[in-house]
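Asks: Handing you this structure, nothing more for now.
The values are calculated or read from the model by the stated rules, or taken from the named source; none is laboratory data. None of the values given here were measured: they were computed from a predicted structure. We place every Cβ from the backbone using ideal geometry, glycine too, and count neighbours over all the protein chains shown. In case anyone asks, the SASA skips ligands and DNA or RNA and just uses the protein heavy atoms, side chains included. Shrake-Rupley method; radii C 1.70, N 1.55, O 1.52, S 1.80 Å.
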Amino acid sequence: MNKLVAFFTFLLLVNCQNAQKKDVLKSKLSVEKINETLKKEAKLEVDSIGILLYDKFLEMDAVGPYQVLSGMLGTKVFYVAPEKGIITGSSGMQFNVQYSIDEIEKLDVLLIPGGTVGTVKASKNDKIINWIKKIDKNSIFTTSVCTGSWILGEAGLLTNKKATTNWYRAKEKLSKYNINFIDKRWVRDGKYWTSAGVSAGIDMSLALVAEIKGETYAKLLMLNLEYDPKPPFKGGAVNNTDPALVDYMTKMYDAVLK
């Protein structure tokens with residue numbers, strides 16, 4: 001906690017100096033008051049967060065949450081894969097993973113990214129599924145991004161629970177596992193957290209940080225990342241995109257996942 005206070009004190013002093021120079025938003029909060037709030041709001045001790053990578057996972061599903069969650073000082077955030085070594089994502093980005101699932105017996109938080117064909121294959125991999133079940137027994141939170149919920153569904157961890165997933169045939173895909181689909185950016189049901197597609201993993205991760213460290217800590221991370229999305233066009237979700245475009249993309253996914 002001392003390192004946390006020192007780190008954020010430094011950031012706050014820099015920001016306060018910049019604010020005075022630019023005469024921007026004024027606040028009555030002092031550095032001391034903010035540090036006091038950070039201590040008061042902290043709820044949980046989370047030492048380890050493992051993000052499972054598998055062949056052809058969708059890179060941003062993992063990298064977005066990694067960037068957010070690694071901002072929690074004192075928490076080790078790392079990638080883990082079925083085997084050590086190079087794991088290639090769906091867009092060709094390569095990750096040199098230092099831990100295999102055989103080496104990891106326990107995690108405070110497990111995060112499963114999504115993808116397309118790679119996700120389907122991972123959901124049918126007994127070694128992966130059995131490891132997820134083992135980790136889930138002792139995890140504080142078990143989470144997924146995008147179609148990663150298909151993998152949790154295959155493991156039987158979301159049965160009769162509320163969850164969300166990527167928009168593609170979302171209700172149909174989750175009903176296959178007796179999961180109650182909720183059309184939101186992220187959904188929590190007990191220890192299980194799920195997010196909608198890709199970028200929604202950042203939203204979920206910030207909410208997770210707030211649950212662990214408090215809302216003030218999450219807001220500091222948002223500022224550090226300058227997370228203030230303003231899409232250049234209307235769209236990005238089924239309910240605000242031209243139905244013809246939704247149908248077009250659905251057919252593309254159908255062709256890949258048939």
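Asks: Looking at THR194, THR164, THR116, which is the one that is open to solvent by 10 Å² or more (accessible area, probe 1.4 Å), touching a Ser or Thr at 6+ places or on another chain (Cβ under 8 Å) and at pLDDT 95 or above?
Replies: Details: THR194 fails: open to solvent by 10 Å² or more (accessible area, probe 1.4 Å); THR164 fails: open to solvent by 10 Å² or more (accessible area, probe 1.4 Å).
Of the residues listed, the single one that is open to solvent by 10 Å² or more (accessible area, probe 1.4 Å), touching a Ser or Thr at 6+ places or on another chain (Cβ under 8 Å) and at pLDDT 95 or above is THR116.
Asks: One residue is enough: does segment 45-64 have a residue meeting the conditions farther than 27 Å from ALA218 by Cβ, open to solvent by 10 Å² or more (accessible area, probe 1.4 Å) and of a type outside the set (D, E, K, R)? It would help to see each step written out before you state the result.
Replies: Let us first name the residues in segment 45-64 that are farther than 27 Å from ALA218 by Cβ, namely 54-56.
From what is left, the residues that are open to solvent by 10 Å² or more (accessible area, probe 1.4 Å) are 55-56.
After this cut, where a residue has to be of a type outside the set (D, E, K, R) as well, the list is none.
Scanning segment 45-64 turns up no residue that is farther than 27 Å from ALA218 by Cβ, open to solvent by 10 Å² or more (accessible area, probe 1.4 Å) and of a type outside the set (D, E, K, R).
Asks: Among the residues of segment 176-189, are any among the aromatic types (Phe, Trp, Tyr), surrounded by 15 or more Cβ atoms within 10 Å (Cβ to Cβ), touching a Lys or Arg at 6+ places or on another chain (Cβ under 6 Å) and modelled with pLDDT of 95 or more? Show your work before the answer.
Replies: Step one: of segment 176-189, the residues among the aromatic types (Phe, Trp, Tyr) are 177, 181, 186.
With surrounded by 15 or more Cβ atoms within 10 Å (Cβ to Cβ) added as a condition, the list becomes 177, 181, 186.
So of that shortlist, the ones also touching a Lys or Arg at 6+ places or on another chain (Cβ under 6 Å) come out as 181.
From the residues that got through so far, the ones that are modelled with pLDDT of 95 or more too are 181.
The answer is yes, given that some residue of segment 176-189 is among the aromatic types (Phe, Trp, Tyr), surrounded by 15 or more Cβ atoms within 10 Å (Cβ to Cβ), touching a Lys or Arg at 6+ places or on another chain (Cβ under 6 Å) and modelled with pLDDT of 95 or more.
Asks: Please enumerate the residues belonging to segment 226-251 that are under 14 Å from SER199 (Cα atoms) and open to solvent by 60 Å² or more (accessible area, probe 1.4 Å).
Replies: Taking segment 226-251 first, the residues under 14 Å from SER199 (Cα atoms) are 227-231, 235-237.
Matches in segment 226-251: ASP228, PRO229, LYS230, PRO231, GLY236.
Asks: May I pose another question? Name the residue that is most open to solvent (accessible area, probe 1.4 Å), counting only residues in segment 90-113 that are of a type in the set (A, V, I, L, M) and assigned to a loop (DSSP other than H, G, I, E, B). Even if it seems obvious, please write down each step before you answer.
Replies: Going residue by residue through segment 90-113, those that are of a type in the set (A, V, I, L, M) are 93, 97, 101, 104, 107, 109-112.
Still in the running and assigned to a loop (DSSP other than H, G, I, E, B): 93, 101, 104, 107.
Working: MET93: 98, ILE101: 5, ILE104: 17, LEU107: 1 Å².
Restricting to residues being of a type in the set (A, V, I, L, M) and assigned to a loop (DSSP other than H, G, I, E, B), the top hit is MET93.
Asks: Looking at (1) small (Gly, Ala, Ser); (2) surrounded by fewer than 18 Cβ atoms within 10 Å (Cβ to Cβ); (3) under 18 Å from VAL63 (Cβ atoms), can you tell me which one SER205 breaks?
Replies: Only one criterion in (1) small (Gly, Ala, Ser); (2) surrounded by fewer than 18 Cβ atoms within 10 Å (Cβ to Cβ); (3) under 18 Å from VAL63 (Cβ atoms) is unmet by SER205, namely (2).
Asks: So which helices (runs of 4 or more DSSP H) are wholly in segment 181-258 and hold at least 2 residues that are over 26 Å from LEU152 (Cβ atoms)? Quick ask: steps written out before the conclusion?
Replies: Values: elements: 200-213, 215-225, 243-257.
Hits in segment 181-258: 215-225, 243-257.
Asks: Just to be sure, is THR165 more than 11 Å from LEU53 (Cβ to Cβ), without any contact (Cβ under 8 Å) to a residue 60 or more places away in the chain, among the polar types (S, T, N, Q) and in a loop (DSSP other than H, G, I, E, B)?
Replies: Numbers: more than 11 Å from LEU53 (Cβ to Cβ): yes; without any contact (Cβ under 8 Å) to a residue 60 or more places away in the chain: yes; among the polar types (S, T, N, Q): yes; in a loop (DSSP other than H, G, I, E, B): yes.
Taking the combined requirement at face value, the residue satisfies it.
Asks: Related question: Within segment 141-156, how many residues turn out to be in a loop (DSSP other than H, G, I, E, B), surrounded by fewer than 24 Cβ atoms within 10 Å (Cβ to Cβ) and on the phi < 0 side of the Ramachandran plot?
Replies: First, pick out the residues of segment 141-156 that are in a loop (DSSP other than H, G, I, E, B): 145-147, 155-156.
Restricting the remaining residues to those that are surrounded by fewer than 24 Cβ atoms within 10 Å (Cβ to Cβ) gives 155-156.
Next, from what is left, pick out any that are on the phi < 0 side of the Ramachandran plot: 155.
Matching residues across segment 141-156 total 1.
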